[in-house]
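Following: one structure in structure tokens, then a few remarks.
What follows draws every value from the coordinates through simple rules; no lab data is involved. Keep in mind it's a predicted model, so treat the numbers as computed, not measured. In this analysis, Cβ positions are derived from the backbone assuming ideal geometry, glycine residues included, and neighbour counts consider all displayed protein chains.
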Amino acid sequence: MSKETKGNTSRAAMNTYGAGLEANTLAMLDSTGAKDNRDANEDRLQYLEAVRAASLVPANGIPPTNKMYQAMFRILRFGRTLELVAASFHLLTQLHQRYPWVYISDGKHELDIVDEAWSPFNFGSDVDSGEKDISVRSSLFQELIQNMNKGVEESEESDLKILGNMFLFKYLVHVLKLDFTPRNQVFEETMNWSLLKESSLNLLLASRRVNFKLLMKDCLSTMCSPFDADGKSTSLVELHKGMLSAMKELLVMIIELDASKKKADTEGITNRGDGVRTPALEIIVDELTYDEYLLSNFLQVFDDPKWKLEIVLQYLTKYIPKPSVRTRRSNTPQGEDLKTLNGILKTFSNGTNAKNITKKIGPVVVQILIGHGFLAQLTISNTNEGESITEICNSVIAALTNLKRVDQKIEILPFGKEVLFTAEMVLKTKA
């Protein structure tokens, strides 16, 4: 990632260039209010192109000023044509890649943060005032996710509105990710919790205006809602796919933030001011537990193998018997064993355990969980210590086969048969 803000040019000189660029480019927008829509839209497109020419095209471009960023973001939020909204979205995302406000110093395990960098978020008061009237507050972000499930009517106006909301959501998640990723990476190396505490994602979720549990439910609902592409424009279908990708990125970031906060709590470097909330994974597992349709759809669309596997493990662990006394003949995994897929799968080698677990959560859910857990494990290169892929494949085959043995009425799903076939093929390649 280029660090354009760290060139040889002095900061004072760069500010001077930026001020001149700001004056020249914003002048294009000053008179738009006095023009008809067509002329005003043309001026906005020219403004975006001027910023691109000055900041992105040259090898030593001039970073936009905060006022220039704000003008671009205003176009993204309130643009009256799809061309304007799309152009401002692409320009803003490219500018953030070129001029990051948070990044890791070259060759160091330190975080560089640009002072007074512009942000589309406002985590202060929810009362609009002055120049911050276009900023996104926590409550608006949650409302934006809630609106993702609303149907699109056939009118051009509603189509533009939903497209605009999708572009806006994708952009905001892009900003959150660029801010969170380097902070979390340095936290892993330094255990400096303040880096994550001050992240935009943490500030967003810590707001009293956000109902975190409802936010997680809305994310799951949006990801799993059916989308009928028939009759929809190509741009809407493609943007919907991009929105789902952004929703998954948001979900993964929240889960990783929770995991990092748990580490910080364990080290005793958090305090009461950091707040307490139910971890995202726990909410997700609870929501999936009582909705077979949601479970199946979610595990199909959520493609992060690490956290998908963790969701499967947490789900199954709730129903695995935990005897207080371990005997030599016990087929029930103990303690640490239940934290691994292979350890849980071995539970199903015991007919009684397999029957009881299947009775509690149903044969369909058991096959869905085992199958997705296995496929997720296959994509993770560094399998758990002492557990080879061969051992896991054998355990999967044994677990699914034993379901039929304990109850002849159980039907192996097409998905279950695909998992069995995959496991058998992997074993053949390893032989």
Contour excess over end-to-end distance, with Cα ends at D228 and T390 and 0.36 nm allotted per residue = 54.3 nm
A correct Karplus calculation of ³J(HN,Hα) over the stretch 114-122, with 6.51 cos²θ - 1.76 cosθ + 1.60, θ = phi - 60°, whole Hz and x for Gly and Pro, returns 6, 5, 6, 5, 6, 9, x, 9, 9
Relative contact order %, the stretch 184-326, counting alpha carbon pairs below 8 Å whose residues are six or more apart | 29 percent
The ³J(HN,Hα) series, computed from each phi in the stretch 414-429 with the Karplus coefficients 6.51, -1.76 and 1.60 at θ = phi - 60°, rounded to the nearest Hz and given as x for glycine or proline, is x, 5, x, 5, 5, 5, 4, 4, 4, 4, 5, 5, 5, 4, 5, 5
Given the Cα-Cα distance of S221 and Q185 and 0.36 nm per residue of separation, how much length would full extension add, in nm?
-> 10.0 nm
Extended-chain gain in nm, criterion 0.36 nm per residue less alpha-carbon gap, L144 and N271 | 42.6 nm
Note, ³J(HN,Hα) from phi for the stretch 246-261, Karplus 6.51, -1.76, 1.60, rounded to Hz, x at Gly and Pro | 5, 5, 5, 5, 4, 4, 5, 4, 5, 4, 5, 5, 4, 5, 5, 5
Under 5 Å, built H, 5+ apart or other chain: amide partners of F121 | V136
Whole-Å semi-axes of the stretch 359-431's equivalent ellipsoid, largest first, each the root of 5 times a Cα gyration tensor eigenvalue?
-> 22, 13, 11
Given R₀ = 25 Å, FRET efficiency for S105-I380 by Cβ-Cβ distance, to 0.05?
-> 0.25
